[in-house]
Amino acid sequence: MEDKLWENQTVVKEFILLGFGDIPTLRGLLFLVILMIYIATMAGNILIVALVVVDQHLHTPMYYFLGNLSCLETCYSSTILPRILASFVTGDRSISFTGCFLQMYFFGSLAATECFLLSAMSYDRYLAICKPLHYATIMKNGDCLQLVVGSWISGFLGNTILFPLLQLTFCGPNEIDHFFCDFNPLLKLACSDTHKIIILAFMISCIFTLPPFLLTVTSYVYIIATILKIPSSVGRQKAFSTCSSHLIVGTIFYGTLMIVYMLPDTQTLRDWNKVFSAFYTVLTPMVNPLIYSLRNKEVKQALRKIQEKIIPVKF
Ligand SMILES: *[C@@H]1O[C@H](CO)[C@@H](O)[C@H](O)[C@H]1NC(C)=O
């Protein structure tokens, strides 16, 4: 019966991403802001990858993790921001179904990889700070490689559960009220049965976000507890501020991901969806290089060395 109804309808092959709405007076400003954010994100992260690759002093597990995180984040924001910028310039907000699917797949895979990588990094810090005597034997370069490769592979493999989406039928309306092709807004437009996919996706997002989140929080709680026992108050304060900023950025990243993908889809949450999404799509990739790398002594030294080579002046 229902199949008959759909037969007469046209099949949607293209979607319109409504983005941030269309307020002509704000368009120029919004374009500039997003362009600045994209440039800052790319510059910060590429700088860190370059430093980690070039500087011998940064060839340790911690910096390999940071290098990989930065590398991931350049890809991560490139799945979303350039398309938004292009649609501001051309005024064309449409995206093909294949384009939409690819964006969702790559974004999902990179987000999952980031979840694992952040938790591997917190575990690495836990070992370094709470088990300093055993650190070198537990975290050898080979183990670091395994954790890194494991994160990338599971991120991309886990998201293959999105492939059944390719078989869905869409018969209009075709407007996605979001700034990128995301799972829930897209699924809402499907006219085939999406029950199984929704349950599967829920399970996968629990597996990908909850355990890494818990591991991250546990590691930092242990780290902070250890730091509080440091006798010198100056050292304590410094170490504490670093860890608390990691914990805050991590919690915002995992927290907003969980709100968007794991909580039931209510109207109030839907209204906030774009705002929450902006946290894990735009904000974290931009601030992570600042929070994780550019405050480190070794990174600062590596930067200074390069700066002195290029512009031989001491600041
Ligand atoms: C990523 O991690 C691997 C394994 O530890 C390391 O060999 C590689 O240099 C890292 N990549 C970057 C860009 O830091």
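The values are calculated or read from the model by the stated rules, or taken from the named source; none is laboratory data. All values reported here derive from a predicted model rather than from experimental measurement. Counting neighbours? That spans all protein chains shown, and the Cβs are built from the backbone with ideal geometry, glycine included. What goes into the accessible areas is simple: the full protein's heavy atoms, side chains included, and nothing from ligands, DNA or RNA. Shrake-Rupley method; radii C 1.70, N 1.55, O 1.52, S 1.80 Å.
Which residues, counting only those in segment 78-90, are away from the ligand (no atom under 16 Å from the Cβ) and within 13 Å of the chain's Cα centre (by Cα)?
Within segment 78-90, Thr79, Ile80, Leu81 qualify.
Out of all the residues in segment 107-131, which are open to solvent by 30 Å² or more (accessible area, probe 1.4 Å) and within 11 Å of the chain's Cα centre (by Cα)?
Phe116
Among (1) more than 15 Å from the ligand (Cβ to nearest atom); (2) open to solvent by 40 Å² or more (accessible area, probe 1.4 Å); (3) touching a residue at least 40 places away in the same chain (Cβ under 8 Å); (4) within 20 Å of the chain's Cα centre (by Cα), which single condition is Arg93 missing?
Every condition holds for Arg93 apart from (4).
I'd like the residue in segment 135-146 that is more than 8 Å from the ligand (Cβ to nearest atom) and surrounded by 11 or more Cβ atoms within 10 Å (Cβ to Cβ) and, out of all such residues, is modelled with the lowest pLDDT.
Filtering segment 135-146 for residues that are more than 8 Å from the ligand (Cβ to nearest atom) and surrounded by 11 or more Cβ atoms within 10 Å (Cβ to Cβ), the one modelled with the lowest pLDDT comes out as Lys140.
Please determine whether any residue of segment 19-40 is part of a loop (DSSP other than H, G, I, E, B), of a type in the set (D, E, K, R), more than 16 Å from the ligand (Cβ to nearest atom) and at pLDDT below 90.
Yes, the conditions are met somewhere in segment 19-40.
Can you confirm whether segment 52-71 contains a residue that is surrounded by fewer than 21 Cβ atoms within 10 Å (Cβ to Cβ), within 12 Å of the ligand (Cβ to nearest atom), in contact (Cβ under 8 Å) with a residue 24 or more places away in the chain and within 23 Å of Tyr105 (Cα to Cα)?
Scanning segment 52-71, I find at least one residue that is surrounded by fewer than 21 Cβ atoms within 10 Å (Cβ to Cβ), within 12 Å of the ligand (Cβ to nearest atom), in contact (Cβ under 8 Å) with a residue 24 or more places away in the chain and within 23 Å of Tyr105 (Cα to Cα), so the answer is yes.
Determine whether Val11 is open to solvent by 50 Å² or more (accessible area, probe 1.4 Å) and either within 17 Å of Tyr280 (Cα to Cα) or in a loop (DSSP other than H, G, I, E, B) (or both).
Yes: the conditions hold for Val11.
Among the residues of segment 165-182, count how many are within 26 Å of the chain's Cα centre (by Cα) and either β-branched (Val, Ile, Thr) or open to solvent by less than 20 Å² (accessible area, probe 1.4 Å) (or both).
Counting residues in segment 165-182 that are within 26 Å of the chain's Cα centre (by Cα) and either β-branched (Val, Ile, Thr) or open to solvent by less than 20 Å² (accessible area, probe 1.4 Å) (or both) gives 7.
Quick check: is even one residue across segment 225-241 closer than 29 Å to Phe20 by Cα, at pLDDT below 85 and open to solvent by less than 80 Å² (accessible area, probe 1.4 Å)?
no
Could you tell me which residue of segment 41-51 is farthest from the ligand (Cβ to nearest atom), considering only residues that are open to solvent by 40 Å² or more (accessible area, probe 1.4 Å) and of a type in the set (Gly, Ala, Ser)?
Out of the qualifying residues, it is Ala43.
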